[in-house]
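The values are calculated or read from the model by the stated rules, or taken from the named source; none is laboratory data. Model, not experiment: these values are computed from the prediction. Here the Cβ positions follow ideal geometry from the backbone for every residue, glycine too, while neighbour counts run over all protein chains shown.
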Amino acid sequence: MIRLGSNSPTRALLLNKFNIDFIQNGGSFDEDSIITKNPKSFCYEATKGKFEELYKKYGIEDIPLLVADSVVTCNNILLRKAKNLKDARSMLELQSGNKTSVITCMIFKNKNIELIDISSTTYEFKKFNIEDMNKYISSGECMGKAGAIMVEGFCKPYIKKVRGYESTAMGLSVEKLLPYL
Ligand SMILES: Nc1nc2c(ncn2[C@@H]2O[C@H](COP(=O)(O)OP(=O)(O)OP(=O)(O)O)[C@@H](O)[C@H]2O)c(=O)[nH]1
């Protein structure tokens, strides 16, 4: 049993997919407090901030703690979760027919180890079909996802090339966590 220190439904879905028993307690770390715009540093600092908040609140005495953060970088621009549908549209237009990477940082701590993992999955996308993209945006599924992308959904038919785990791109590099559970 582990504690998923996250509000993310996708992270919960990933742990379920890998049959990992967990309870879910999200935090309220303010990612706007992070200064750096470097995608990897931002992702690490956000994960560290989330971990410190939840480690203070729950500790790891009874069950291990897992937190994570994901960001997207495209054309060296840091893309977080879209603020609104207009923001989501510009993120998707940037990534259409382009190369984009999802960076996921995880911190997992139990009584014996502390794992800090930063992984990324890189995609080359074909140009998104405009009608398809408009439908995706108006569905609102683009919200709450780093870079407004959904690799297992909207983006799937447009993947030309991929390097890295799909789980990393969805927000939790579970394959990297398994050896420690
Ligand atoms: N379904 C799906 N979700 C994605 C994808 N890429 C990123 N995400 C989600 O985008 C969100 C990135 O925002 P974060 O700040 O890391 O996490 P959060 O959702 O705010 O949740 P916390 O862990 O409580 O911070 C996470 O929930 C990821 O699971 C994707 O391709 N598909």
Any residue at all in region 41-62 that is of a type in the set (D, E, K, R), at pLDDT 95 or above and within 30 Å of Ser138 (Cα to Cα)?
-> no
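Every residue, every condition in (1) within 16 Å of the chain's Cα centre (by Cα); (2) crowded, with 22+ Cβ neighbours inside 10 Å, yes or no:
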| residue | (1), (2) |
| --- | --- |
| Tyr55 | no, no |
| Glu61 | no, no |
| Asn76 | no, no |
| Ser90 | no, no |
| Gly97 | no, no |
| Ile107 | yes, yes |
| Asp117 | yes, no |
For region 23-42, which residues satisfy the criterion of being out of contact with any helix residue (DSSP H, G or I) (no Cβ under 6 Å at 6 or more places or on another chain) and among the aromatic types (Phe, Trp, Tyr)?
-> Phe42
By residue number, the members of region 130-153 that are more than 15 Å from the chain's Cα centre (by Cα), in contact (Cβ under 8 Å) with a residue 12 or more places away in the chain and within 15 Å of Leu94 (Cα to Cα) are Met133, Ile137
In region 119-154, residue surrounded by the fewest Cβ atoms within 10 Å (Cβ to Cβ) [restricted to those that are in contact with a Gly (Cβ under 7 Å, 6 or more places away or on another chain) and within 21 Å of Asn38 (Cα to Cα)] = Thr122
Report the residue count in region 20-71 for those that are under 15 Å from Arg3 (Cβ atoms), touching a Lys or Arg at 6+ places or on another chain (Cβ under 9 Å) and assigned to a helix (DSSP H, G or I).
-> 4
Pairs under 9 Å by beta carbon, first residue at negative phi in region 39-50, partner aromatic (Phe, Trp, Tyr), six or more apart or different chains?
-> Ala46/Phe29; Gly49/Phe29; Lys50/Phe29
Any chance region 56-63 includes a residue that's of a type in the set (D, E, K, R) and near the ligand (Cβ under 8 Å from one of its atoms)?
-> no
Cβ-Cβ below 6 Å, separation at least six or inter-chain, first residue in region 61-77 and in contact (Cβ under 8 Å) with a residue 60 or more places away in the chain, second part of a loop (DSSP other than H, G, I, E, B) and within 13 Å of the ligand (Cβ to nearest atom): which pairs?
-> Leu65/Gly5; Val67/Gly5; Ala68/Leu172; Ser70/Gly171; Val71/Arg80; Val72/Gly147
Looking at region 19-42, which of its residues are closer than 20 Å to Ile103 by Cα and of a type outside the set (Gly, Ala, Ser)?
-> Phe29, Asp30, Glu31, Asp32, Ile34, Ile35, Thr36, Lys37, Asn38, Pro39, Lys40, Phe42
Counting only residues that are more than 6 Å from the ligand (Cβ to nearest atom) and of a type in the set (A, V, I, L, M), which one in region 137-155 is farthest from Thr168 (Cα to Cα)?
-> Ile137
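Yes or no, residue by residue, for (1) out of contact with any Gly (no Cβ under 8 Å at 6 or more places or on another chain); (2) more than 8 Å from the ligand (Cβ to nearest atom):
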{"site": "Ala12", "(1), (2)": "yes, yes"}
{"site": "Leu15", "(1), (2)": "yes, yes"}
{"site": "Phe18", "(1), (2)": "yes, yes"}
{"site": "Phe22", "(1), (2)": "yes, yes"}
{"site": "Gly27", "(1), (2)": "no, no"}
{"site": "Ser33", "(1), (2)": "no, yes"}
{"site": "Lys37", "(1), (2)": "yes, yes"}
{"site": "Ser41", "(1), (2)": "yes, yes"}
{"site": "Tyr44", "(1), (2)": "yes, yes"}
